[in-house]
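Engineer: One structure coming up, written as structure tokens, with questions to follow.
Read-outs: derived from the displayed coordinates by stated rules, not from any lab. These numbers come from a predicted model, not from an experiment. No Cβ is skipped: glycine too gets one built from the backbone with ideal geometry, and neighbour counts run over all protein chains shown.
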Amino acid sequence: MYYGRIKPFTIENGPGVRVSLFVSGCTHRCKGCFSQETWDFSYGEPFTEKTQERLLELLSPPYIAGLTLLGGDPGEPENQEALLPLLMRVRGELPQKDVWLYSGYRYEDFLPGGRAACGVTDSFLALCDVLVDGPFVESQKDLTLAFRGSGNQRIIDLKRMRESGKDGGPFLWQP
């Protein structure tokens, strides 16, 4: 996997001060995308063990609320596989940090048989707290929305869904 950039201090992609990793590779190609360069799966730098170490170091200060994965699309199956070891380390070494995942796939696409489902999807999503799902739709762009770019996108509280133990539709995140 490749990544386009790491932003060590962001406030626009989830609550609090966050570290954002922009992965490379996206098959959605949304019209009006703000990071078209990351559509290419080979854009940027290789994601290595050294990259993981840097991310863990950036996440370690107490004022950092968590990690945000976006891009490109971290939900692409090959990106899920590459990110799983990082997420396992974040959960093991920094369990107080939350993880936000932005994906052009809908939550339902990650379910068994869905377009984004692969062998690691269950483990991958189990390590994420919040999923901002759905493609960016330029005609629904709304700058007043918190933590999302267009009105069709949902902010799904994966952690609350797991804790409730209930099946059914996704739980929307509440600030």
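Engineer: Which order results if 124, 34, 47 are arranged by neighbouring Cβ count within 10 Å, fewest first?
Structural biologist: With the sparsest Cβ surroundings first, the list reads 34, 47, 124.
Engineer: Extending each Cα 7 Å along its Cβ direction at residue 93 and residue 139, get the distance between those two points in nm, one decimal.
Structural biologist: Those two pseudo-labels are separated by 4.6 nm.
Engineer: Taking the Cα centre of region 1-124 as origin, sum charge times position over the Cβ atoms of Lys and Arg (+1) and Asp and Glu (-1), and report the length of that vector in debye to the nearest 20. Numbers along the way, then the final one.
Structural biologist: Values: 12 positive and 16 negative charges, 58 e Å.
Dipole size: approximately 280 debye.
Engineer: Here is a follow-up. For 164, 150, which order do you get if you count the other beta carbons within 10 Å of each Cβ and list the fewest first?
Structural biologist: 164, 150
Engineer: Give the calculated FRET efficiency between residue 120 and residue 7 to the nearest 0.05, with a Förster radius of 35 Å applied to their Cβ-Cβ distance.
Structural biologist: Efficiency for this residue pair is about 0.90.
Engineer: Separate question: Residues of region 115-159 with the amide nitrogen closer than 19 Å to a label point 7 Å from the Cα of residue 174, along Cα-to-Cβ, please.
Structural biologist: 129-132, 146-147, 154-159
Engineer: Sticking with this one: Starting from 0.36 nm per residue, how many nanometres of slack lie between residue 84 and residue 160 once their C-alpha separation is accounted for?
Structural biologist: Length gained between residue 84 and residue 160: 25.3 nm.
Engineer: Still on this structure: Roughly how many Å is it from the Cα centre of region 104-159 to that of region 1-36, as a whole number?
Structural biologist: Value for the Cα centre distance between the two parts: 14 Å.
Engineer: A further question on this structure: Rounded to the nearest 5, what % of DSSP beta bridges with both residues in region 29-175 are antiparallel?
Structural biologist: The answer is about 45 percent antiparallel.
Engineer: Let me ask something else. Where in the chain is the longest stretch that carries no trypsin sites (Lys or Arg not before Pro) classed as loop by DSSP and with at most 15 other Cβ atoms within 10 Å?
Structural biologist: Values: sites that count: 29, 31, 115, 166.
The answer is 32-114.
Engineer: Which of the GluC sites (Glu not before Pro) found in region 1-69 are loop residues per DSSP with 15 or fewer other Cβ atoms within 10 Å of their Cβ?
Structural biologist: Within region 1-69, the qualifying GluC sites (Glu not before Pro) (loop, at most 15 other Cβ atoms within 10 Å) are 12.
Engineer: Which of rounded, prolate or oblate describes the chain when judged by the alpha-carbon gyration tensor and an a/c cut-off of 1.5? Don't skip to the answer; put the middle values down first.
Structural biologist: Working: a/c = 1.22, a/b = 1.08, b/c = 1.13.
Rounded is the answer for the chain, as its axis ratio a/c remains below 1.5.
Engineer: Place +1 on the Cβ of every Lys and Arg and -1 on the Cβ of every Asp and Glu in the chain, take the dipole about the Cα centre, and give the residue among 119, 14, 27 whose Cα lies farthest towards its positive end.
Structural biologist: Sorting the options by dipole projection puts first 14.
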